[in-house]
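Visitor: Would you mind keeping the following structure in view while I ask a few things?
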Amino acid sequence: MSPRTTRVVLAVGAPVLALVMAFVITSLVLLAAGDSVADVWAQILSVPGHRAIVNIINAATVYYLSAIAVAIGFRMNLFNIGVDGQYRVASFAAAVVAGEGWLPGYLNTLLAVVAAVLVGAMWAGIAGLLRVTRGVSEVISTIMLNAIATALVAYLLRKVAVDDGGNNTATKQVPEGSRVPGIQIFDDVTVKVYGFVFLAALVGFVYWFVLSKTRFGFDLRATGRSETAAVASGISVKKMIVVSMLLSGGAAGLVGLPLLFGNDYSYGSTFQSGLGFAGIAIALLGRNHPIGIALGALLFAFLDEQSNSLQIVVGVSPDIVKITQGVIVLTVVIAYEVVRRYRVRLEQRQVAAALDEPATIEEAKA
Amino acid sequence: MSDSVTAPPGEVVVRLRDIGKTFPGVVANHDVNIDVRRGTVHAVVGENGAGKSTLMKILYGVQKPDSGTIEIGGEQVNLSSPADAIAAGVGMVFQHFMLADNLTVLENVVLGAEKLHGIGDGARRRVLELAGTYGLEVDPDVLVEELGVGARQRVEILKVLYRGAKVIILDEPTAVLVPQEVDELFDNLRELKAEGLAVLFISHKLDEVLSVADEVTVVRRGTTVDTVPAGSVTSRQLAEMMVGSELPSPATETSTVTDVVVLDVQDLTLYAPGSERRLLDGIDLTIHRGEILGIAGVEGNGQAELVEAIMGMRPGVTGRVTLGGDDLTGRSTRERREAGIGYVPEDRHRHGLLLDAPLWENRVLGHQTRRPVVKGPLVDRAGARTDTQRIVEEYDVRTPGIDTLARALSGGNQQKLIVGREMSGDPVLLIAAHPTRGVDVGAQAAIWGHIKRARRDGLAVLLISADLDELIGLSDTISVLLRGRLVRSFDPEHVTPEDLGSAMTGAAEGDNR
Amino acid sequence: MRRLTKTAAVAGVVALVLAGAACSKKSDDSASTETGGENCVEKTDDMKVGMAFDVGGEGDQSFNDSAAKGMKQAACEFGFDFQTAEAQDGEAESAREGRLQELVDAGYNPVVAVGFAYSASVGKVAAENPDVSFAIVDDAVEGDNITNLLFAEEQGSFLVGAAAALKSETGNVGFVGGVETELIQKFEAGFIAGAKAVKSDIKVQTRYLTQPPDFSGFGDPAKGKTAAEGMFDAGADIVYHAAGGSGGGVFEAAKAADGWAIGVDSDQALTADDSVKDIILTSMVKNIDVAVHEFLKSVHDGAVKTGAQVYDLESNGVGYSTTGDHLKDVADQLEDYKKQIVDGTIEVPTKP
């Protein structure tokens, strides 16, 4: 195998290994609980219908944005656990802005998107500032900010909520003209793919470009790989921490927008929560790589969607899929570490092999 | 100097036969054969990476050999942990001491071996007895944090003896000592062997080896090349056995010092964070075009701080730094690098490289704002790769390619890459902190060659080193740093390592009065 | 290495968060064959009923269970198949829609959605499937094929409020709401009105455990316990909870404080943990089972009533339980209040 092929095989091998391990563990749980392993996998791994495919794409879009937000931090060795809080604060802000409809049509949408990015960035920026000024670990501060976000949004939601006669507490509906139309990909089902799927793709592209092609991206990755080496190379680590937290939070601000403009049209008590945590799992799974994350997001969305009918068809609680997802996160970390160590050894062996020959020749000369 | 060149007495206490150990990709041991006799100091010499450390880890039970046998005191043993080794009478003193600073000497010695003589008077008696027998002078009730390096090392040896070791392994024991302390250590070792112990002494400083050892085993490429009586070889012969080829030396050349000032540092002062203690105290220094200024000093006297202060990596520095008339005071590290400072950091793993990045990305590090590795706001991948290829060729970095991870390279090749990188972009000043530490002899010669060539081309160099030979061989001037102050300057033409050692420990201050 | 440790720790936390929902409740087969009583009829009807639960699902000893009970009774009585599916905490709107559509696709008709979280999705899925009958518990959703099963919780709460005031010795009672939604505010409003009707100067302490969109207040006994303990410490001797699964904590606090607790939704003196059954004074019974049963009967009979179906004291949709006979001495007064509410003499407010 050429080194390049080896590298690709290893890169693909780790997640595959992790998935297999996760499936085995889940099967053991099913066996222990006395449920039919075959039926469960047959349902989960069945070919999704048209409606399910659309739902998977939609859920993956949201997951993707969340995982990218997390990955920006990860590349810097910053653990932004607070994407969850950031996207909820930002979605709420966007919903309020969009619901007010100060600007007409898509200008209103644009304004809401900007508001979401700014609010998300600001919320994450708090953790960044605490880290550089007071040395507070961003893990701790972002977890705390998640709790604060929950309380803050709850408090503000009650201030701005409109009485629609029902029991749902929600912001004003986004005006018709500012909603983002979906894409009809199957004629036989009414569900549509969120128009903001393009936003997610754009964010993924920008992420890839900035990180792998620009000086700024190099600085960010260098800081993530070795803070001490970054300092010695002239990077201002404090500045990088604040900037990357702002970027991570800004991306987190986008997470709720496909839902807001494509389906819910308001932020209320039934707005999807927990996306930030799924994002952490998916970023780990996707190895912080834009394509890897896309595949991870699709996998998680696929498992979610397929689990929905698990209870109806097989009679097993969909909770089993949550177990699978949780186990995947753990096995992925283990598998990547195993593969990383293997790869280092492999390279060392290659280096040793490459060195042996010229060295012997020189020796012979001497 | 060696007073024990007579034929080694005593029976063989440690016998290693056909020891083999493979790690994927790393230089392994194979066909290792060593006999260590009672009452001798047996040196094991070899280049970095030759397999000395692995061998000693095998003997100390840290790693298990894949093949071969170990006999201790005539019996074949199976060492699967250091506890087994200790039980078999093998003790090890590591290069980095493993002592608890906030405990006393006695407590440190007894720690973990409370079962032997308790923790009270019995233990104290035993420690004093051992100290007396082997001439290891220490006060059992003083806190370890108050001890100097040499005394700490004696505590480590005491610890090993207290646990009943008959065979003591010392891993590079002189690396952290100044010459006077080295002499004391050697006196201690002679006491040990006189009392019938066997000492395994790992080193690559050949003069020291010859002065203290009775027998010398040379390790090269994972295997034992030969064992010779210390009296029958010269250090040059030993060195050639180690590398299997001719040796380099850092011999000085004709001076190329000009009168053009490149770096001018005035009254550089740095306080320890949150205290009044000065890590650097009013440093003044000047380096001219084509001059190498060597800084000597025992580690921890402000060398790292001096470098980082000049590089702008430390907050809270006062004083002035000018480079070619350009005032750098208050400028960022990046601006200082852009002004033409190349920096070979002391700890290449922490400060010099992105270990998990390919070589060509490491070429960009520290040059993120300069061609040819960047173009505007973008990283110029092609440019960086081409230039990395150039460094690999010019500086003889042994690697399968520029996509290899930096971690996979040996220390010497990593260092050559760093030196090559820091010489890129036409620097006017090179700060080199321990540029050849932990690299093999071949790489060392190459790095010395590059520094000398750059000096001829007009580079100013600030050289920090713990290797006095290196300092004397390369520098145009040597200044001694002691407790954050530059205390004395020497002309390397007329200085001996002993003179430097006195100045480094502060002994010379008294002499001058 | 440090980085790996950190990554592993974070991964562990995430895995816990993801699996958290899974641990919180034992999953059981949705008992599609189990039926309510002994004298069930043969399965003759080709009607298949789908039921979508709110978070917590079957086994919550409250809201969802009550709906399940009504369906199983009807299944036994009329002989039909049924299937249930449960919501995940914090799921997307599309997941709820998907769940309802799955049930429709699998041939279930009618479909009962339990809880107002389904408001929007029922509206949407019902519009797309005009041939399927839908029912939604606890919310008003318009549609030609949607039946709204609504309850006059304030009326039942009024009666337990009155009972609390009549039985209180300290003149100080408490209300613990799970999540401060409009729905739970109806409970609070009724309770306060009932208590004040008996004793105008009674002190009523009110606490909500969480604010939307944080719905953990419905499933966090620890929070319920802390809130109730505070009330007992401040002098209350009877605390009413409308907090779903958090109510267990309220019961524990009552037990520890030697006070009384009032249960909600179903007769909790029967369903709660054995150790606390004896301190449950009464429960505000919200007969979701009655409503669900009635709805299914109407479908079975081919006479579906769409639109709002309000279950109040008059129709026996809400009420109070008397298990334990703690209310014997005040039964007459309570019946009197009930009559006044039914005949309209007393109008119970729905907002505090």
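The values are calculated or read from the model by the stated rules, or taken from the named source; none is laboratory data. Predicted, not measured: the structure shown is a model, and the values here were computed from it. Backbone-built Cβ (ideal geometry, glycine too); neighbour counts: all protein chains shown.
Conditions (1) among the hydrophobic types (A, V, I, L, M, F, W, C); (2) within 22 Å of the chain's Cα centre (by Cα); (3) more than 30 Å from B:A239 (Cβ to Cβ), marked per residue:
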residue	(1), (2), (3)
B:M56	yes, yes, no
B:G73	no, no, yes
B:V77	yes, no, yes
B:A87	yes, no, yes
B:Q95	no, yes, no
B:M98	yes, yes, yes
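Visitor: Here's another thing I want to ask about it. Could we say that A:T150 is within 12 Å of another protein chain (Cβ to nearest Cβ), at pLDDT 90 or above, closer than 29 Å to A:I81 by Cα and in a helix (DSSP H, G or I) here?
Guide: Against the criterion (within 12 Å of another protein chain (Cβ to nearest Cβ), at pLDDT 90 or above, closer than 29 Å to A:I81 by Cα and in a helix (DSSP H, G or I)), A:T150 does not qualify.
Visitor: Within region B:359-384, take every residue that is buried (at least 20 other Cβ atoms within 10 Å of the Cβ) and more than 7 Å from every other protein chain (Cβ to nearest Cβ) and give me the one that is modelled with the lowest pLDDT.
Guide: By that ranking, first place goes to B:V373.
Visitor: Still on this model: Of the residues that sit in region B:296-328 and are buried (at least 22 other Cβ atoms within 10 Å of the Cβ) and among the charged types (D, E, K, R), which one is modelled with the highest pLDDT?
Guide: Step by step, filter region B:296-328, then rank; the result is B:E308.
Visitor: Let me confirm something: among C:D131, C:D81, C:D139, C:D144, which residue is among the acidic types (D, E), within 10 Å of another protein chain (Cβ to nearest Cβ) and on the phi < 0 side of the Ramachandran plot? Outline the logic, then answer.
Guide: Working: C:D131 fails: within 10 Å of another protein chain (Cβ to nearest Cβ); C:D81 fails: within 10 Å of another protein chain (Cβ to nearest Cβ); C:D144 fails: within 10 Å of another protein chain (Cβ to nearest Cβ).
Only one candidate passes the filter, namely C:D139.
Visitor: Additional query: Farther than 20 Å from C:V198 by Cα, of a type in the set (D, E) and in a loop (DSSP other than H, G, I, E, B), is that true of C:E347?
Guide: no
Visitor: Could you say whether any residue in region A:291-300 is facing chain C (nearest Cβ under 10 Å) and in a loop (DSSP other than H, G, I, E, B)?
Guide: Scanning region A:291-300 turns up no residue that is facing chain C (nearest Cβ under 10 Å) and in a loop (DSSP other than H, G, I, E, B).
Visitor: Further question on the same structure: Which condition breaks for B:G342 when tested against (1) surrounded by fewer than 16 Cβ atoms within 10 Å (Cβ to Cβ); (2) modelled with pLDDT of 85 or more; (3) more than 9 Å from chain A (Cβ to nearest Cβ)?
Guide: Looking at each condition in turn, B:G342 falls short on (1).
Visitor: Here is a list: B:T404, B:T399, B:T436. Which entry is more than 12 Å from chain A (Cβ to nearest Cβ), buried (at least 21 other Cβ atoms within 10 Å of the Cβ) and among the hydroxyl-bearing types (S, T, Y)?
Guide: Matching residue, one of B:T404, B:T399, B:T436: B:T436.
Visitor: Restricting region A:67-97 to residues that are polar (S, T, N, Q) and within 12 Å of another protein chain (Cβ to nearest Cβ), which is surrounded by the most Cβ atoms within 10 Å (Cβ to Cβ)?
Guide: Result: A:N80.
Visitor: Determine which member of the set C:G156, C:G98, C:G123 is more than 9 Å from chain A (Cβ to nearest Cβ), more than 20 Å from the chain's Cα centre (by Cα) and not charged (D, E, K, R).
Guide: Details: C:G156 fails: more than 20 Å from the chain's Cα centre (by Cα); C:G98 fails: more than 9 Å from chain A (Cβ to nearest Cβ).
Going through C:G156, C:G98, C:G123 in turn, the sole match is C:G123.
Visitor: For residues that are within 13 Å of chain A (Cβ to nearest Cβ) and surrounded by fewer than 24 Cβ atoms within 10 Å (Cβ to Cβ), scanning just region B:407-421, find the one that is nearest to A:V344 (Cα to Cα).
Guide: B:R407
Visitor: Is it the case that C:V49 is on the phi < 0 side of the Ramachandran plot, modelled with pLDDT under 75 and either at the interface with another protein chain (Cβ under 9 Å from one of its Cβ atoms) or not in a helix (DSSP H, G or I) (or both)? Walk me through how you get there before you give the answer.
Guide: On the way: on the phi < 0 side of the Ramachandran plot: yes; modelled with pLDDT under 75: no; either at the interface with another protein chain (Cβ under 9 Å from one of its Cβ atoms) or not in a helix (DSSP H, G or I) (or both): yes.
In short, no.
Visitor: Which count do you get for residues in region A:102-133 that are closer than 18 Å to A:G262 by Cα and surrounded by fewer than 18 Cβ atoms within 10 Å (Cβ to Cβ)?
Guide: Number satisfying all stated conditions: 6.
Visitor: Still on this model: Kindly indicate which of B:V209, B:V199, B:V182 is closer than 26 Å to B:T54 by Cα, at pLDDT 85 or above and either part of a loop (DSSP other than H, G, I, E, B) or in contact with a helix residue (DSSP H, G or I) (Cβ under 9 Å, 6 or more places away or on another chain) (or both). Spell out how you get there, then give the answer.
Guide: Working: B:V209 fails: at pLDDT 85 or above; B:V182 fails: at pLDDT 85 or above.
Answer to the check: B:V199.
Visitor: Select from region A:1-41 the residues that are more than 11 Å from every other protein chain (Cβ to nearest Cβ), closer than 30 Å to A:V191 by Cβ and either in contact with a helix residue (DSSP H, G or I) (Cβ under 9 Å, 6 or more places away or on another chain) or not aliphatic (A, V, I, L, M) (or both) and list them in ascending order.
Guide: A:P15, A:L19, A:F23, A:D39, A:V40, A:W41
Visitor: Quick one: would you say A:S273 is within 30 Å of A:S178 (Cα to Cα), assigned to a loop (DSSP other than H, G, I, E, B), more than 8 Å from chain C (Cβ to nearest Cβ) and in contact (Cβ under 8 Å) with a residue 60 or more places away in the chain?
Guide: Details: within 30 Å of A:S178 (Cα to Cα): yes; assigned to a loop (DSSP other than H, G, I, E, B): yes; more than 8 Å from chain C (Cβ to nearest Cβ): no; in contact (Cβ under 8 Å) with a residue 60 or more places away in the chain: yes.
No, not satisfied.
Visitor: For region A:202-216, indicate whether the set of residues that are surrounded by 22 or more Cβ atoms within 10 Å (Cβ to Cβ), facing another protein chain (nearest Cβ under 9 Å) and on the phi < 0 side of the Ramachandran plot is non-empty.
Guide: no
Visitor: Within region B:100-155, work out how many residues are among the β-branched types (V, I, T) and without any contact (Cβ under 8 Å) to a residue 24 or more places away in the chain.
Guide: 1
Visitor: Let me ask another. Can you list the helices (runs of 4 or more DSSP H) found entirely within region C:109-213 that contain at least 2 residues being within 22 Å of C:F251 (Cβ to Cβ)?
Guide: Filter on region C:109-213 gives C:153-167, C:182-198.
Visitor: Next question, about the same structure. Give the residues of region C:304-345 that are polar (S, T, N, Q) and surrounded by 12 or more Cβ atoms within 10 Å (Cβ to Cβ), sorted by residue number.
Guide: Across region C:304-345, the qualifying residues are C:T306, C:Q309, C:S315, C:S321, C:T322, C:T323, C:Q333, C:Q340.
Visitor: Taking region A:209-244 only, how many residues are aromatic (F, W, Y) and over 23 Å from A:M122 (Cα atoms)?
Guide: Counting residues in region A:209-244 that are aromatic (F, W, Y) and over 23 Å from A:M122 (Cα atoms) gives 2.
Visitor: In region B:320-339, how many are facing chain A (nearest Cβ under 9 Å) and either within 20 Å of B:T436 (Cα to Cα) or not acidic (D, E) (or both)?
Guide: 5
Visitor: Restricting to region B:189-237, name every residue that is touching a residue at least 40 places away in the same chain (Cβ under 8 Å) and of a type in the set (V, I, T).
Guide: The answer is B:V199, B:I202, B:V209, B:V212, B:V216, B:T217, B:V218, B:V219, B:T223, B:T224, B:T227.
Visitor: Among C:S283, C:S246, C:S275, which is the only one that is polar (S, T, N, Q), assigned to a helix (DSSP H, G or I) and buried (at least 24 other Cβ atoms within 10 Å of the Cβ)? Quick ask: steps written out before the conclusion?
Guide: On the way: C:S283 fails: assigned to a helix (DSSP H, G or I); C:S275 fails: buried (at least 24 other Cβ atoms within 10 Å of the Cβ).
On inspection, the qualifying residue turns out to be C:S246.
Visitor: Answer yes if at least one residue in region A:255-267 is in contact (Cβ under 8 Å) with a residue 12 or more places away in the chain, in the same structural domain as A:R131 (by TED's automatic domain parsing), farther than 30 Å from A:R51 by Cβ and buried (at least 17 other Cβ atoms within 10 Å of the Cβ), and no otherwise.
Guide: no
Visitor: Check C:A254, C:A269, C:A222 and return the single one that is part of a helix (DSSP H, G or I), modelled with pLDDT of 85 or more and in contact with a Gly (Cβ under 8 Å, 6 or more places away or on another chain). Break it down stepwise before answering.
Guide: Numbers: C:A254 fails: in contact with a Gly (Cβ under 8 Å, 6 or more places away or on another chain); C:A269 fails: modelled with pLDDT of 85 or more.
Only one candidate qualifies: C:A222.
Visitor: Does any residue of region A:214-221 turn out to be out of contact with any Lys or Arg (no Cβ under 6 Å at 6 or more places or on another chain), of a type in the set (G, A, S) and assigned to a helix (DSSP H, G or I)?
Guide: Looking for residues that are out of contact with any Lys or Arg (no Cβ under 6 Å at 6 or more places or on another chain), of a type in the set (G, A, S) and assigned to a helix (DSSP H, G or I), one finds at least one in region A:214-221, hence yes.
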